[in-house]
Structure formats: structure tokens, C-alpha cells
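The next block holds one structure in the form of C-alpha cells; read it before the comments.
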Amino acid sequence: MRALAALVLLLTPLPAWADSGMPAAPYANVQLPDPAQEAKAKALMETLRCLVCQGQAISDSNAELAGDMRSMVRERIAAGESPEAVRAWLIRRYGSWVSYDPPFDHTTWILWLTPVVLLVAGLFLARGSLKRRRR
Amino acid sequence: MKRGLLLWLPLAAFIVLATVMIFGLHKPDDQTIPSKLVGTPVPEFMLPAAAQGLPGVSSRALAGQGPHLVNIFASWCVPCAAEAPQLKAIADAGVPIVGIAIRDRREDLAEFLGRYGNPFRAIGADDQSKVQLALGSSGVPESFVIDSKGIIRRQIIGPINPGDVASVIATVQGAQ
């Protein structure tokens with residue numbers, strides 16, 4: 001009898017980070033049946049930021065809201081929406097903050113262009129010093 | 001002469017960058033994520049009733065009801081319990097409050113309303129946070145001030161504190 005009770009307790013799932021008592025959304029932890037769609041959804045989920053645990057992608061997070069976001073992403077991809085449309089829908093609500101794929105705009109141009117500028121500057125420096133050495 | 005100046009350039013750039021970063025370190029960390037939908041119409045949604053005797057919530061039914069407050073809450077959320085007296089004061093001032101219960105079991109919600117009182121005219125059950133995401137909200141509790149045309153006027157992130165009650169009432173009543 002005691003063993004049975006222990007077994008029942010062991011089999012009762014205790015979601016580690018649960019804050020509500022509700023079960024996870026249908027596609028929070030379940031893959032889509034179509035592998036091509038699942039691959040698209042997974043690639044998107046890896047570049048969407050969790051709103052609660054702000055340093056993680058929703059694909060990595062155990063937060064319930066991240067689970068709900070994963071389910072939403074999978075349901076929309078399964079319904080035929082493109083990953084970029086889903087990303088745009090979230091960006092309209094949360095700003096580019098929610099995306100780990102920053103767009104090129106007036107706040108991010110310096111991030112995108114600095115490496116190119118540094119590379120060109122480095123090439124010039126290298127050219128100069130190589131010329132001098134040859135002489 | 002020109003070459004000498006050029007040699008100092010990396011150091012100067014480093015000092016500028018370091019100064020900017022040191023000042024950045026002293027800025028307080030702001031983790032709130034404001035909804036970009038403030039100033040735009042409430043997205044369309046429909047939620048079933050979450051509590052006995054109270055209707056559910058739909059964007060269409062809300063549109064013609066005059067200015068109101070939409071409160072996103074949950075019975076499992078501790079700050080929401082702390083916010084309850086303030087919501088009651090706001091409701092007592094005649095401001096209609098509509099609740100959206102996030103991932104809430106019906107029996108837990110009934111107990112929450114029994115314990116802290118019910119300031120809501122209607123409560124919709126958002127079991128998969130779908131409406132929360134559609135509104136650009138990222139946590140509980142949050143509140144949205146909606147004007148009589150159905151435009152989101154203001155988002156309040158976190159609980160409404162006793163000191164905020166008067167300003168929230170004024171904002172909703174002024175949102176014609």
C-alpha cells in the first residue's frame with residue numbers, strides 16, 4: 001500500500017518552475033508532426049527572447065509564458081504563417097527587443113557597421129606596415 | 001607631427017568608450033517591457049467566462065462601453081493579491097474594471113475572489129496567455145487604460161500601489 005502511494009507520488013509530474021497550476025499549452029513541449037514545419041518553428045524559437053527570463057530564448061526557457069509562446073509559434077507555423085510574419089507580429093507588440101535577430105535601423109547601424117569599418121582599417125594598417133618592411 | 005597624433009587615437013577612443021560604459025553601469029537596470037500597442041486600438045479577442053456569475057471578455061463588447069481599465073492578473077500571482085484593495089478602491093470610484101485571468105484554474109480563481117473581493121465586471125479566462133501576448137503584456141499584474149473608442153491609452157506594469165489610485169481613476173475618467 002505504501003509502495004503504491006509512493007509510486008503514485010513519483011508518477012505525479014511536478015513541473016519544476018510551475019507558478020500556475022495549469023497544464024502546459026498543447027504545443028509548448030510537443031513537436032509539430034511535420035518535420036519541415038518543426039524545423040522552421042525551432043529556428044524561430046531560438047531567436048525569440050523570453051519575456052520573463054530575459055536572458056534566454058523561448059526555446060531554452062522553462063517559464064510558463066515561454067511555453068505559451070512556443071505553442072503559439074508552432075500553431076501559427078502549422079497554420080501556414082511564415083516565421084518572419086510571426087516575428088513581425090511579436091515585434092509590433094514588444095519592439096525589436098523580443099527578437100535575437102536585430103534589424104538594421106537607426107539604433108543598431110553602429111553594431112552592424114563597426115566590424116566592417118574595423119576590418120577595413122586593419123587592412124589599411126597591415127598594408128602600410130608590409131610596404132614599409134619590404135622597402 | 002601628424003603621425004604622433006594618430007598614435008594617440010586608439011587611447012582616446014578607449015577613454016571615450018570606457019567613460020560611456022562606466023556611466024552605463026550606474027544607470028539602474030530597467031527590466032520592464034512597455035507594450036508598443038499603447039496608442040493603437042485593442043486587438044480583437046474573445047475570452048470565455050472565468051468566474052461564475054460574471055460574463056467573459058471580448059474586445060467587441062468592450063468597444064462601446066466607455067473608458068475602462070483592463071487588469072491582467074492571476075490567483076497564483078502574489079503582487080496581484082497585494083493589488084486587490086487598490087482595484088476595489090478604483091471600482092468603488094465608479095471605474096469599470098475588466099479582468100483577464102492568466103492560466104488560472106476556475107476553483108483557484110473563485111477562492112481568490114472570495115478572499116480578496118471582486119472588483120471586476122467581467123473576467124475572461126486566458127488559459128494559454130494568448131490575449132496577454134496579443135496585448136503586448138509580459139507579466140502579471142498589468143493594467144491597460146482603454147478609452148471609449150477602444151484605443152489603449154496607458155499601460156501600467158506591475159501592481160497599482162495605494163499612491164497610484166487617484167491618478168489611475170483620473171486617467172480612466174479622462175480617457176473619453
Could you give me the residue pairs with C-beta distances under 6 Å whose first residue belongs to the range B:154-165 and is under 16 Å from B:VAL38 (Cα atoms), whose second residue is in a strand (DSSP E or B) and among the β-branched types (Val, Ile, Thr) wherever it lies, and which are 6+ apart or on separate chains?
B:ARG154/B:VAL145
Of the residues that make up the range A:46-56, is at least one touching a residue at least 24 places away in the same chain (Cβ under 8 Å), closer than 21 Å to B:LYS130 by Cα, surrounded by fewer than 17 Cβ atoms within 10 Å (Cβ to Cβ) and at the interface with another protein chain (Cβ under 10 Å from one of its Cβ atoms)?
no
Kindly check whether there is at least one residue in the range B:63-82 that is surrounded by fewer than 17 Cβ atoms within 10 Å (Cβ to Cβ), more than 14 Å from chain A (Cβ to nearest Cβ), touching a residue at least 40 places away in the same chain (Cβ under 8 Å) and not in a loop (DSSP other than H, G, I, E, B).
yes
Can you tell me which of B:LEU62, B:LEU47, B:LEU69 is of a type in the set (A, V, I, L, M, F, W, C), in contact with a helix residue (DSSP H, G or I) (Cβ under 9 Å, 6 or more places away or on another chain) and within 18 Å of B:ARG153 (Cβ to Cβ)?
B:LEU69
Just wondering, is there one or more residues in the range B:30-44 that are in contact with a Lys or Arg (Cβ under 9 Å, 6 or more places away or on another chain), free of Cβ contacts under 8 Å to residues at least 60 places away in the same chain and part of a loop (DSSP other than H, G, I, E, B)?
yes
Cβ-Cβ distance below 6 Å, separation of 6 or more or different chains: which pairs start in the range A:73-92 with a residue that is over 18 Å from B:LEU135 (Cα atoms) and end on one that is in a helix (DSSP H, G or I)?
A:ARG74/A:ALA41; A:ILE77/A:GLN37; A:ILE77/A:LYS40; A:ILE77/A:ALA41; A:ALA78/A:GLN37; A:PRO83/A:LYS40; A:PRO83/A:LEU44
The number of residues in the range B:22-48 that are among the hydrophobic types (A, V, I, L, M, F, W, C) and crowded, with 16+ Cβ neighbours inside 10 Å is 5
I'd like the full set of residues that are over 21 Å from B:ASP127 (Cβ atoms) and surrounded by fewer than 13 Cβ atoms within 10 Å (Cβ to Cβ), limited to the range A:61-86.
A:GLY80, A:SER82, A:GLU84, A:ALA85
In the range B:126-176, the residues that are small (Gly, Ala, Ser), crowded, with 22+ Cβ neighbours inside 10 Å and within 14 Å of chain A (Cβ to nearest Cβ)
B:SER129, B:GLY136, B:SER137, B:SER138
Hey, any hits in the range B:94-102 for a residue that's more than 13 Å from chain A (Cβ to nearest Cβ), surrounded by 23 or more Cβ atoms within 10 Å (Cβ to Cβ), out of contact with any Leu (no Cβ under 7 Å at 6 or more places or on another chain) and not small (Gly, Ala, Ser)?
no
Residue set B:ARG121, B:ARG106; condition surrounded by fewer than 22 Cβ atoms within 10 Å (Cβ to Cβ), touching a residue at least 24 places away in the same chain (Cβ under 8 Å) and within 14 Å of another protein chain (Cβ to nearest Cβ); output residue B:ARG106
Breaking point among (1) exposed (fewer than 15 other Cβ atoms within 10 Å of the Cβ); (2) more than 14 Å from chain A (Cβ to nearest Cβ); (3) closer than 20 Å to B:ALA110 by Cβ, for B:LYS88
(1)
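No lab work stands behind these numbers, since they all come straight from the coordinates. Worth saying up front: this structure is predicted, and the values here are computed from it rather than measured. All Cβ positions, even for glycine, are placed from backbone atoms using ideal geometry, and neighbour counts span all protein chains on display.
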